[in-house]
Amino acid sequence: MKLASLKGGRDGRLVVVSNDLQRFMDAADVAPTLQTALDNWAQSRPALEILAARANAGEGEAFEQADCASPLPRAYQWADGSAYVNHVELVRKARGAEMPDSFWTDPLMYQGGSDSFIGPRENIPMADEAWGIDFEAEIVVVTDDVPMGVSAENALSHIQLIMLVNDVSLRNLIPGELAKGFGFFQSKPSSAFSPVAVTPDELSDAWREGKLHLPLLSSLNETPFGKPDAGVDMTFHFGQLIAHAAKSRPLAAGCIIGSGTISNKLDDGPGKPIDEGGVGYSCIAEIRTIETINDGKPSTSFMQFGDRIRIEMNDANGNSIFGAIDQVVEKYVN
């Protein structure tokens with residue numbers, strides 16, 4: 001089943017979308033918003049699945065991704081992990097920092113701002129190019145109610161939806177914030193999620209063992225930038241990330257947990273750009289890191305006003321699963 005939130009009101013209007021992303025059925029009689037549906041998931045899911053069958057049979061209206069807000073336009077919780085430790089290791093190496101051994105056994109996670117997500121086809125407003133504007137292509141899951149202290153194995157049963165995210169980062173603001181020893185805040189502006197959220201069963205055997213085993217595609221200014229496999233080199237699966245987040249607190253229905261930047265190794269070393277035979281990268285920071293390691297300084301610039309980022313994932317037949325995040329960086333004027 002595929003769900004989306006059409007723009008309208010603060011929390012959007014819940015619709016059920018056909019598998020081919022061509023039709024939608026209004027879900028107002030089941031739940032007005034996705035958050036409402038998740039709050040009552042055991043009751044709402046069967047009714048939503050009936051609407052999904054009708055949409056897949058050709059009923060409903062034409063679906064336009066540009067009409068979508070993020071599936072959850074705002075959420076009670078947005079916590080992003082860093083499950084691809086290869087990415088963390090490279091970034092730390094570039095700035096001459098040792099990586100603690102614990103990073104391989106205990107997930108990194110930060111609590112992001114969740115009150116103002118932007119739509120998958122909305123521009124990214126930024127006040128200053130000097131902030132080091134970067135995209136981050138990731139996978140996220142949405143949970144139902146998760147009890148405190150849940151095991152990693154049992155946490156997998158609490159995953160109800162899967163999405164893509166562009167977790168925008170302001171790289172030149174990060175060092176100053178981390179130096180305070182109190183984490184990210186200004187360096188993590190509003191994120192954007194894929195037009196459609198998908199139930200795990202729709203992904204067939206691509207979803208297994210808490211990982212999504214498909215390439216995540218990103219292009220920067222129409223040029224392919226990354227196609228790493230999200231199921232490869234993922235040190236911590238989503239069950240482990242959820243269990244980490246729920247160690248000392250329960251998680252409410254609608255909690256979003258992120259994988260962190262997708263990153264693949266090449267021959268047990270840093271990856272290479274697509275045009276050099278590699279699978280590329282899911283953020284600009286990683287290629288700049290490798291350039292710094294190899295050449296002593298980066299040569300790829302961060303995003304500028306007018307730059308466009310597109311993030312998408314296709315199934316084995318080349319069909320878009322979640323729809324596309326497609327955004328342009330624009331000058332923010334107060």
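At-a-glance table
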quantity	calculated
Sparse-neighbour loop sites [trypsin sites (Lys or Arg not before Pro); region 19-116; at most 14 other C-beta within 10 Å; DSSP]	R95
Taking N as its residue count, the alpha carbon Rg of region 140-284 over 2.2 N^0.38 Å	1.12
Heavy-atom accessible area ranking, 1.4 Å probe, most first, across K2, K227	K227, K2
Contour excess over end-to-end distance, with Cα ends at E59 and Q111 and 0.36 nm allotted per residue	14.7 nm
Unit charges at the beta carbon, dipole of the chain: most positive-side option, V279, Q160, F117	F117
The chain: Cα Rg divided by the 2.2 N^0.38 Å rule of thumb	0.95
Exposure of S218 as accessible area (Å², to 10), given a probe of 1.4 Å and all protein chains	10 Å²
Degrees separating the helix 85-94 axis from the principal Cα axis of the chain, which is the longest one	30 degrees
Helix 41-56 axis, angle to the chain major axis (alpha carbon atoms, nearest 10°)	80 degrees
Accessible area, probe 1.4 Å, largest first, for residues H213, H87	H213, H87
Shape call, region 43-155: gyration tensor on alpha carbons, a/c limit 1.5	oblate
Ranked order, Y76, Y110, Y281 - accessible area, probe 1.4 Å, largest first	Y76, Y110, Y281
Q22-N123 pseudo-label distance in nm [points 7 Å out on the Cα-to-Cβ vector]	3.3 nm
Point-to-point label distance, Y332-H213, nm (Cα→Cβ direction, 7 Å offset)	4.1 nm
Extension gain, R249 back to I50 (0.36 nm per residue minus Cα-Cα distance, nm)	68.2 nm
Set of aspartates and glutamates with alpha-carbon distance to K247 below 19 Å, sequence-local pairs under 8 removed	D80, D106, D144, D145, E153
Filter on K188/K331; K227/K331; K227/K265; K2/K265; K211/K265 - keep pairs with C-alpha separation over 24 Å	K227/K331; K2/K265
Sites excluded, GluC sites (Glu not before Pro) in DSSP loops with at most 15 other C-beta within 10 Å, longest stretch of the chain	223-334
Heavy-atom accessible surface of region 280-334: percent carbon and sulfur, 1.4 Å	43 percent
Solvent-accessible area per residue, Å², over the chain with all protein chains present [probe radius 1.4 Å]	44 Å²
Region 21-71 - percent of accessible surface contributed by carbon and sulfur, probe 1.4 Å	48 percent
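The values are calculated or read from the model by the stated rules, or taken from the named source; none is laboratory data. None of these values were measured; they are calculated from a predicted model. FYI the Cβ positions are ideal-geometry reconstructions off the backbone, even for glycines, and counts take in every protein chain you see. Remember, those area values only see protein heavy atoms, side chains included, never the ligands or the DNA or RNA. Shrake-Rupley method; radii C 1.70, N 1.55, O 1.52, S 1.80 Å.
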